[in-house]
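Here's the structure, in structure tokens; my notes come after.
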Amino acid sequence: MAAGHHYEQLDIKLKKLTILAAACLALAACGSETSSGGADAAFNDAELTGNKGQVLSVIQVPGYTYVEVRNNGRSLWLAGNPVEVEEGEIISWSDAAMMRNFQSKTLNRTFEELMFVSAIYKGGDGAPQPVANQHSGIVKSTENAAGYTYIECETDAGQVVWLATPETSMEVGKRVSWQGGSTMSNFTSSSLNRTFDEILFVQGISVN
């Protein structure tokens, strides 16, 4: 009888352990489902198109904010004036210029694609629609460096501005025009070893 009672108690303990293990597995499964259904599941790709995305990561450096976003089913890096945003937030942005193979001296890394934006807004409806304003002027000087052309231009309004665009052939004295763009303040070019008070990043420049 003592042996039978001992086996009966052992069988009860084993059943309790089995139930406990099953409960732990169920709890782990629930935790897994919760984590996989986080920020990424809150918005589908169809909701993150145009100038709107979901923040994946943020890098703050003096004078700039770099933001990695989920946009159009891909990962996209933005750079703009300092702004406080957090992972998982939905943001939008205004006029932008895409730069390829951009080297950041501060971060010591090269971005295959980096979108310079005029402003970053919290929420999906904050950014105004880009306006295709036409600008034009006369080229005063040019410099090519690291795949880009930096152009000093005197506008029709008599102002001197600096433009940056993917490397292109440009001659001093030519009249040029451009559309939109993204203005960056106190921008440092490591390839030119100089800092621009203001520079306008544009997608392309047309010779008139």
Accessible-area value, Lys52, 1.4 Å probe, nucleic acids and ligands omitted, Å²: 50
With just the Cα atoms defining each centre, how far is region 88-112 from region 148-208? Give it in Å. 18
Simple Cβ-charge dipole of region 56-167, Lys/Arg +1 and Asp/Glu -1, about Cα centre, in debye nearest 20: 200
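Set the Förster radius R0 to 22 Å, insert the Cβ-Cβ distance between Glu84 and Ile59 as r into 1/(1 + (r/R0)^6), and round the FRET efficiency to 0.05. Don't skip to the answer; put the middle values down first.
Details: r = 13 Å, r/R0 = 0.58.
It comes to 0.95.
May I ask you to compute the full-extension gain from Gln179 to Thr195, defined as 0.36 nm times their residue separation minus their alpha-carbon distance, rounded to one decimal in nm?
So the chain would gain 3.4 nm between Gln179 and Thr195.
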Going through region 91-200, which GluC sites (Glu not before Pro) have at most 14 other Cβ atoms within 10 Å and a DSSP loop state? Glu167, Glu171
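The values are calculated or read from the model by the stated rules, or taken from the named source; none is laboratory data. A quick note: this is a predicted structure, and the numbers were derived from the prediction, not measured. Quick reminder, even Gly has a Cβ in these numbers, built from the backbone with ideal geometry, and neighbours come from all protein chains shown. Each accessible area value is taken on the protein alone, full model and side chains, heavy atoms only, with ligands, DNA and RNA left out. Shrake-Rupley method; radii C 1.70, N 1.55, O 1.52, S 1.80 Å.
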